[in-house]
2 protein chains.
Amino acid sequence: MRGVFCGRLLLLLGPLLCVLSSSVSHAGKLLLVPVEGSHWLSMQGVIQQLHQRGHEIVVIAPEASVHIQEGSSYTLKRYPVPFQREALEASFASLGHSTFEKQPFLVRVIKTYKKVKRDAALVLSGCSHLLHNAEFMASLKKSHFDAVLTDPFLLCGPIVARYLALPSIYFLNSLPCSLDSEATACPKPLSYVSRALSLNPDHMTFLQRVKNALFALMENFLCNAVYSPYASLASEIFHKDMSVKDILSPASIWLVRRDFVWDFPRPIMPNMVFIGGINCLQRKPVSQEFEAYINASGEHGIVVFSLGSMVSEIPEKKAMEIAEALGRIPQTVLWRYTGTRPSNLAKNTILVKWLPQNDLLGHPKTRAFITHSGSHGIYEGICNGVPMVMMPLFGDQMDNAKRMETRGAGVTLNVLEMTADDFANALKTVINDKSYKENIMRLSSLHKDRPIEPLDLAVFWVEYVMRHKGAPHLRPAAHDLTWYQYHSLDVIGFLLAIVMAVVFIVFKCFAYACRKCLGKKEQGRVKKSHKSKAH
Amino acid sequence: MRGVFCGRLLLLLGPLLCVLSSSVSHAGKLLLVPVEGSHWLSMQGVIQQLHQRGHEIVVIAPEASVHIQEGSSYTLKRYPVPFQREALEASFASLGHSTFEKQPFLVRVIKTYKKVKRDAALVLSGCSHLLHNAEFMASLKKSHFDAVLTDPFLLCGPIVARYLALPSIYFLNSLPCSLDSEATACPKPLSYVSRALSLNPDHMTFLQRVKNALFALMENFLCNAVYSPYASLASEIFHKDMSVKDILSPASIWLVRRDFVWDFPRPIMPNMVFIGGINCLQRKPVSQEFEAYINASGEHGIVVFSLGSMVSEIPEKKAMEIAEALGRIPQTVLWRYTGTRPSNLAKNTILVKWLPQNDLLGHPKTRAFITHSGSHGIYEGICNGVPMVMMPLFGDQMDNAKRMETRGAGVTLNVLEMTADDFANALKTVINDKSYKENIMRLSSLHKDRPIEPLDLAVFWVEYVMRHKGAPHLRPAAHDLTWYQYHSLDVIGFLLAIVMAVVFIVFKCFAYACRKCLGKKEQGRVKKSHKSKAH
């Protein structure tokens, strides 16, 4: 038994010594270029941790921001942009509204495309304003940062990093249109790595693989609207032709908020660090207000309901349907909802303007989680082992929901088509069918069983890049190859040409030899016949 | 300043809590199927750590073993084999001798091929004896192990794991002939991932890429001699057709003794864990005997010289050349050498039968390391920041040396061609040219800057597989695809067929329309001419 204890002590000392040695490095200066909305919120844990470790963090944000506000862990520097905060808020609100509009598929696609293009142009104008703000950029240059931490979902951060000639760390869930795979030179075989929005699993049928290929062909076209303008902006700023890949690929480390407990396994690269569930362990006890609701819920416990930071209102008719369904379960429902109170709201449903989602999910009396299946919610659900009813609204949420459903840890509903009955049944299923709880607990135990906490891992790699001024040794040589060199097409062509040349020469030699041989025989025959004639 | 301290304390607590939670798991039973020689020696750290953590480890080994002996951390179970220990020893010795024989290239290749085939057949016969030993295998089955830890360099361990229906963890440097890439479904692009023995860097010229492609074509042929017989053996044991890939691919976790500080970055898979340099931190103070040598070396310090566990003797002529060169440097040389003492051995050179390589390299007075550039030595050199003179002898050692040389951390010599002058110059260069020390120190600082020690990481993942009975969620779907499905050839064919069908139909329609149109015109003209004629 003493051996066991001793061994554990030794294993404990290993990481301790290791982290200790890493913490010897001097406190540094970090520039943070965030992206609005949940992207910004998901960075809070890392920011706090880096601040606590003594680093100076400067966050730059447009004067018109919705979520990015002053904070105690960082200095916020605002730069002027040619739009108002209201324009951004209206864009967020319209995202929520358009989700609930019933429209034919094609109309929906065209409307979404136009909206995305409009919103992207708005944010791009802000980035352009920043990069052309010589005074502001000069002040950043003078600050002598060690590195840039940024979310590459919009490409302003990577361009700023290049402008300041600083190494960068990306913090992201994923990039659309396989941009991440392209920028990391990470192979993404079409045959088992499902493309975004395809709803494909990893084990695909032939037709699913065909669908995957078609989605891969289409994604470039769809993403051009958002990302190509950044390539033009970068080309203008750096006075040379730049592609989206050129902007993204210099990153030293990619901190990817994913985990293969939930994600399908696929090839990765050495500079990709997986930190899925990074914010989960930062749980606090719930406040008195929420504790009171939970205590009052009795043996049935509670259900947590939130559609994320972007959607807090829904159309009245849909809200009434939902309210009706919620009234049919014995649990107390805590619903984050800022819209008009549905007239049929049952007694068991409590509307709140905001809720501490992760803290509530971590409470032992939480029975289910109604979510739009954004990546944060999904990881909080997995981490806390709470079965889910998922109502995906946009973006990667459909894929997220599908993935959880195939793991038997939740039920997916189509928020436009579902009836009150569907919703109530889904809720009763995930709460009463024990398999859902078992499955999510299994995922949870795997997800939490890691050699090092994802938050510590993220902090380590940010500091690593600051300490070593990048990580060039992790950059694959693939970045310096053209597409045909990467796929060895020139080598294959060359070797084929040699083989064909050899075959051709052998054939010609053979033909020549045959001709010679036949010619001799012919000559022989001619001579013979000549001789015989002469005789 | 208090903030910094507080933050560090928090970051320290993270991994501590994490490892603590993992150490809660119950002690388990592990079966270890090792491979002889340095492969076995490199596993000692993990074995000791697992033993200290309370796990019961059973090692199985042939009765005729050279390095695998009883130990305090494990129970050794021997099984009878149809050869003697002497045969194995003779095989090792002949490896050393043949390395120093000067022969034409082709003769050398054929001899090596024959030797490898002979040695492989010897070891295979041992494996076959084990698997057909019903009593021994039944006793293993009855032991109810949690997992198998094995070195897959020879395929006996993976076959035993399948026989016992146990999850397995592989512990390896790499597998020849890209078998590891095949068995993990890990892409290995020909264009920048250099093939074994090719001596290619990652940034290749066109001709180097052609060479790489040719080596890739040849490696299958060369490896068939060693690995195919295991496929036949497995097919016989499991009564179904099995390939080498089928034997290797079920591994849950691949513990790979490599590090991208030294290795070229390339795609990896989520179940590959990199633990290069795993044995480096287990340094002890050197014994009194060696301390005395070091102290006597004065300001010049010492040079450590070893050609690895397999080669401790070299031909007399070569030994004299080496001895002469060693006499020309002011450092004291500690040379592991069991052969006849060269008559010209200088006073500064001390022959020893064995030396604590890692402990000596860690001594601040060590100035250089003369090595055969086996992977263990290379990592010990990097870890301790000692510049190297490399004399690669066989296997991957040429590639290892090339990689260190391109990083400016050592000089490579051809052991057959080199003169005493070459050797002495190489030694003086790495000792006196400061760039070598600077480069190796830079590599060393990157190599040691890790979020968790590789030994702890290895122990964590072994226990992870024992705890969760494998890691099926990390197995990519690629394993269930045929080669043409994996490369989407069927999908591409299908889509091309559709495109061609559409083009064909459009063409046919167009041709039909044209004909119709022309026909009408023709008809019109005919009618016209008919009419005009009629008039």
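The values are calculated or read from the model by the stated rules, or taken from the named source; none is laboratory data. Not measured: the values here are computed from a predicted model. Counting neighbours? That spans all protein chains shown, and the Cβs are built from the backbone with ideal geometry, glycine included. What goes into the accessible areas is simple: the full protein's heavy atoms, side chains included, and nothing from ligands, DNA or RNA. Shrake-Rupley method; radii C 1.70, N 1.55, O 1.52, S 1.80 Å.
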Find the sum over both chains of the accessible area lost when B and A are paired, probe 1.4 Å, and report it in Å² to the nearest 100. 6500
What number comes out for the charge environment of B:MET137, summing +1 per Lys or Arg and -1 per Asp or Glu over other residues with Cβ under 15 Å away? +3
If the label for B:ASN224 sits 7 angstrom from Cα along the Cα-to-Cβ line, what are its distances to the same label in every other copy, in nm to one decimal, shortest first? 4.9
Counting only other chains, what is the mean number of Cβ atoms within 10 angstrom of the Cβ of each residue in peptide A:179-185? 1
Where trypsin sites (Lys or Arg not before Pro) fall in DSSP loop in region A:204-291, at most 14 other Cβ within 10 Å: A:LYS240
Taking a ≥ b ≥ c as the square roots of the Cα gyration tensor eigenvalues, with a/c under 1.5 meaning rounded and otherwise prolate when a/b beats b/c or oblate if not, region A:288-448 comes out rounded
Distance between the C-alpha centers of region A:48-114 and region B:206-225? Whole Å please. 52
Once normalised by the length of region B:174-277, the mean sequence separation of its alpha carbon contacts under 8 Å that are 6 or more apart gives a contact order in percent of 28
Can you tell me how the protein assembly as shown classifies by the Cα gyration tensor, rounded, prolate or oblate, using a/c under 1.5 as the rounded cut? oblate
Going through region B:46-106, which GluC sites (Glu not before Pro) have at most 12 other Cβ atoms within 10 Å and a DSSP loop state? B:GLU70, B:GLU101
Enter the mean number of other protein chain beta carbons within 10 Å of the beta carbon of each residue in B:473-482, as an integer. 6
Placing the label point 7 Å from Cα along the Cα-to-Cβ direction, what are the distances from A:SER235 to the equivalent spots in the other copies, shortest first, in nm to one decimal? 5.7
Please go through region A:91-188 and write out the trypsin sites (Lys or Arg not before Pro) that DSSP classes as loop and that have at most 11 other C-beta atoms within 10 Å. A:LYS102
Answer rounded, prolate or oblate for chain B, using the Cα gyration tensor with square roots of eigenvalues a ≥ b ≥ c: rounded when a/c is under 1.5, else prolate when a/b is larger than b/c, else oblate. prolate
Rounded to the nearest 5, the percent of antiparallel DSSP beta bridges in the protein assembly as shown equals 5
Across peptide B:203-214, what mean number of C-beta atoms from other chains lies inside 10 Å of a residue's C-beta? 3
Rounded Å value of the spacing that divides the Cα centres of region A:310-339 and region B:399-440: 72
For B:LYS77, label point 7 Å along C-beta direction: distances to other copies, nm: 6.7
Contour excess over end-to-end distance, with Cα ends at B:GLU63 and B:ALA513 and 0.36 nm allotted per residue: 153.5 nm
